[in-house]
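The values are calculated or read from the model by the stated rules, or taken from the named source; none is laboratory data. Keep in mind that this is a model prediction, so the values were computed, not measured. Cβ placement follows ideal geometry from the backbone for every residue including glycine, while neighbour counts extend to all protein chains displayed.
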Amino acid sequence: MIFVTVGTQGPFDRLISAMDEIAGTMPEVRFVAQVSKGRYKVKNMTCFEFISPAEFDEYFSSAKLIVSHAGMGTIISAFERSKPIVIFPKFHSLGEHRNDHQLATARKLGSLNYIHVAYTPAELRDKIHSVLDGGLSPLHKVGKYASSELINSLQSFISV
């Protein structure tokens, strides 16, 4: 199953329409999407405007791949669960967000080789096929809590 999420900041029809088109070419793969209140009418995926945190966790945990906007909550959740994630950032120039912080996040984390990034529907399709063919894996992992080294470093800094 591929889980697609647009987060809680509103719809992202460009991502949902691209994923719906991809889902239409892969009937053997289940696609589940959290879509918000977009204008695009989904044809090939199971979709929900919003889902509860428990349902979100269930879909997220059972997914083979996460496809998302460049929201840090989703990215960190993928890191914590060792899930491969493909990011499709929202663009300010297309009126999808209030600024280009998602583009900056995608570029930086992509350059660090922490995430897979797609900037166009064609790149998104290629990355999804790579995951399903075993070519993409989780690139980065973090624990649920800060490391003891970080905590000790912060404590030392604060004590000074």
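With out of contact with any Leu (no Cβ under 8 Å at 6 or more places or on another chain), basic (K, R) and surrounded by 14 or more Cβ atoms within 10 Å (Cβ to Cβ) as the only criterion, which of R125, R39 stands out? Of R125, R39, the one residue that is out of contact with any Leu (no Cβ under 8 Å at 6 or more places or on another chain), basic (K, R) and surrounded by 14 or more Cβ atoms within 10 Å (Cβ to Cβ) is R125.
Within the stretch 3-25, residues that are free of Cβ contacts under 8 Å to residues at least 60 places away in the same chain reach partners that are among the polar types (S, T, N, Q) and buried (at least 18 other Cβ atoms within 10 Å of the Cβ) with beta carbons closer than 6 Å, at six or more positions or on different chains, in the pairs G10/S36; P11/S36.
Of the candidates A33, A18, A70, the single residue that is within 20 Å of A122 (Cα to Cα), assigned to a loop (DSSP other than H, G, I, E, B) and of a type in the set (A, V, I, L, M) is A70. When restricted to residues that are modelled with pLDDT of 90 or more, closer than 14 Å to F12 by Cα and surrounded by fewer than 16 Cβ atoms within 10 Å (Cβ to Cβ), the stretch 78-118 contains 0.
For the stretch 52-67, filtering for residues that are in contact (Cβ under 8 Å) with a residue 40 or more places away in the chain and either part of a helix (DSSP H, G or I) or small (G, A, S) (or both) leaves 5. Residues of the stretch 70-90 that are more than 22 Å from D100 (Cα to Cα), touching a residue at least 24 places away in the same chain (Cβ under 8 Å) and out of contact with any strand residue (DSSP E or B) (no Cβ under 6 Å at 6 or more places or on another chain): F79, E80, S82. Under the condition of being in a helix (DSSP H, G or I) and acidic (D, E), the residues counted in the stretch 21-30 number 1.
Note on the stretch 36-51: residues that are part of a loop (DSSP other than H, G, I, E, B) and over 28 Å from Y114 (Cβ atoms) amount to 8.
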